[in-house]
Amino acid sequence: MRTMIALAAIAMIGAAGCMSANNANAESKKPPAPARVDPALVSGHNRFGARMLRELAVKPGANVFFSPYSISTALSMTWNGAAGQTKADMAKALNIDGLAPDMVNSGSAALKAALETPREGAKISVANSLWAQKGAAFKPAFLAVNRQDYGAEVSELDFLHTPAGSVNTINAWTSQHTNGKIPKILASVDSSTVMVLVNAIHFKGKWADQFTKSSTQPAPFTLHSGAKMQVPMMHRGGDIRALTGEDFAAVSLPYADKRTSMVIFLPNETNGLPAFIQGFTPEKWDEWRKSFRPREGSVAIPKFRLEWGAELTAPLSRLGMASAFTGDADFSAMMDRPLAISQVQHKAFVDVDEEGTEAAAATAVGIRATSVMLEPFRFVADHPFLCAIVDDPTGEILFLGAVYQPK
């Protein structure tokens, strides 16, 4: 159940709309409405999320919690630097292969604006950054599109000489933009790193109808294995948006902004979650979202807190973008030198209690040079040296000398 909470909670964030004003004066004080979010881009993100869920939730009984939006955004920024077969493979893996680049990028800008639209009772913040090797010559067009459509901050670091300090800087930025919930997205980088692209998302919302703390009581929770454990179970009654399927029941619990919700799917069978995950598709998700109806009843869900993280190179390779991680990768739209993705680190956090939910995630994409990374050349002959005068066509050394005391 917790695994599906993760996908549902993040996906519902993407369905945000705009609240209407009560009068003309109030309307005039509101910020301008964001551009319309492209449903095709949201569908691509959700399809990627469903496929990634099946790749990650391979061990029944083990928690998984991730942000499809964060991973998609970080890799879309990276995709802007890809070319040829690598660009095609990444687009297919991210389920954006049917969209033109300007639709992906402008759509990402509109989606970010929609998510960050001010709201009462909940807040979503998104931040993107590019950390470039000091002195490296990145393509201006690649940097410009990520600045413009993703709002990415572009900064220089010296991965070659101070890798540990560079990691600390990126981790500090990530912690700041996830309210301290993801304090360390990177463990290390190596000296071949030329860029790290990072997305961070943070959500905090109060329930529209909060659970009463005095109603929270220890209750048994049956694990996938059949064993039982005691958990703090929260309870509330009243009008519940509910859905009953053939092999599951579901509730949609709105947050106070009435624009975001947590959707919880509960398979009928105690050990039914793996099969439910395998059958979870964007088409079913769209159908189910429209089928919730108000019901008088009660809800009991565990109070829980999860932290989860993984390196995503292997699952992304299985989804079809293996070429991006090899020496055959083509990132020529990013820089005129051979590059490849070295790592894709993802971490996520969620805390659910009687008052509401706080969730955060971050994704870091490391880019490495696949040829030797050389320092900017500087030559100062300020001590004894050897010199030679050579006939270049033949290689014949015409003169050769050791200069100890130039005069």
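The values are calculated or read from the model by the stated rules, or taken from the named source; none is laboratory data. Computed from a prediction, not measured in an experiment: that's the story for all the values here. Cβ sites come from the backbone with ideal geometry, for glycine too, and all protein chains shown count toward neighbours. Accessible surface is based on the protein model in full, side chains and every heavy atom, while ligands, DNA and RNA are left aside. Shrake-Rupley method; radii C 1.70, N 1.55, O 1.52, S 1.80 Å.
When Ile301 is evaluated against the numbered criteria (1) under 30 Å from Ala91 (Cα atoms); (2) crowded, with 18+ Cβ neighbours inside 10 Å, which criterion, by number, is the only one it fails?
(1)
Could you give every pair whose Cβ atoms fall below 6 Å, whose first residue belongs to the range 185-208 and is more than 20 Å from Met77 (Cα to Cα), and whose second residue is among the acidic types (Asp, Glu) and in a loop (DSSP other than H, G, I, E, B), counting only separations of at least 6 or pairs across chains?
Note: pairs meeting the criteria are Lys206/Glu355.
Can you name the residue in the range 262-279 that is crowded, with 18+ Cβ neighbours inside 10 Å and in contact with a Lys or Arg (Cβ under 8 Å, 6 or more places away or on another chain) and, of all such residues, is farthest from Leu56 (Cα to Cα)?
Val263
Checking Met373 against (1) modelled with pLDDT under 90; (2) over 30 Å from Ser175 (Cβ atoms); (3) under 49 Å from the mean Cα position of the chain (by Cα): exactly one of these is not met. Which one?
(2)
Give me a count of the residues in the range 110-124 that are outside any loop (DSSP other than H, G, I, E, B) and of a type outside the set (Val, Ile, Thr).
Of the residues in that region, 8 qualify.
The conditions are (1) farther than 21 Å from Lys123 by Cα; (2) touching a residue at least 40 places away in the same chain (Cβ under 8 Å); (3) in a helix (DSSP H, G or I); (4) open to solvent by less than 70 Å² (accessible area, probe 1.4 Å), and Ala141 fails exactly one of them. Which is it?
Single failed check for Ala141: (4).
If you take the residues of the range 280-298 that are without any contact (Cβ under 8 Å) to a residue 12 or more places away in the chain and basic (Lys, Arg), which of them is least open to solvent (accessible area, probe 1.4 Å)?
Going through the qualifying residues, I end up with Lys284.
From the residues in the range 146-162 that are crowded, with 17+ Cβ neighbours inside 10 Å and more than 18 Å from the chain's Cα centre (by Cα), which one is nearest to Gly356 (Cα to Cα)?
It comes out as Leu157.
With the condition kept exactly as written, say whether any residue in the range 229-236 is among the polar types (S, T, N, Q) and open to solvent by 40 Å² or more (accessible area, probe 1.4 Å).
So far as the range 229-236 goes, yes, one or more of its residues are among the polar types (S, T, N, Q) and open to solvent by 40 Å² or more (accessible area, probe 1.4 Å).
Inspect all residues belonging to the range 162-170 and state whether any of them is part of a loop (DSSP other than H, G, I, E, B) and closer than 26 Å to Phe325 by Cα.
Scanning the range 162-170, I find at least one residue that is part of a loop (DSSP other than H, G, I, E, B) and closer than 26 Å to Phe325 by Cα, so the answer is yes.
If you check Pro183 against the conditions, is it within 28 Å of Phe65 (Cα to Cα), open to solvent by 70 Å² or more (accessible area, probe 1.4 Å) and part of a loop (DSSP other than H, G, I, E, B)?
For Pro183, the condition - within 28 Å of Phe65 (Cα to Cα), open to solvent by 70 Å² or more (accessible area, probe 1.4 Å) and part of a loop (DSSP other than H, G, I, E, B) - is met.
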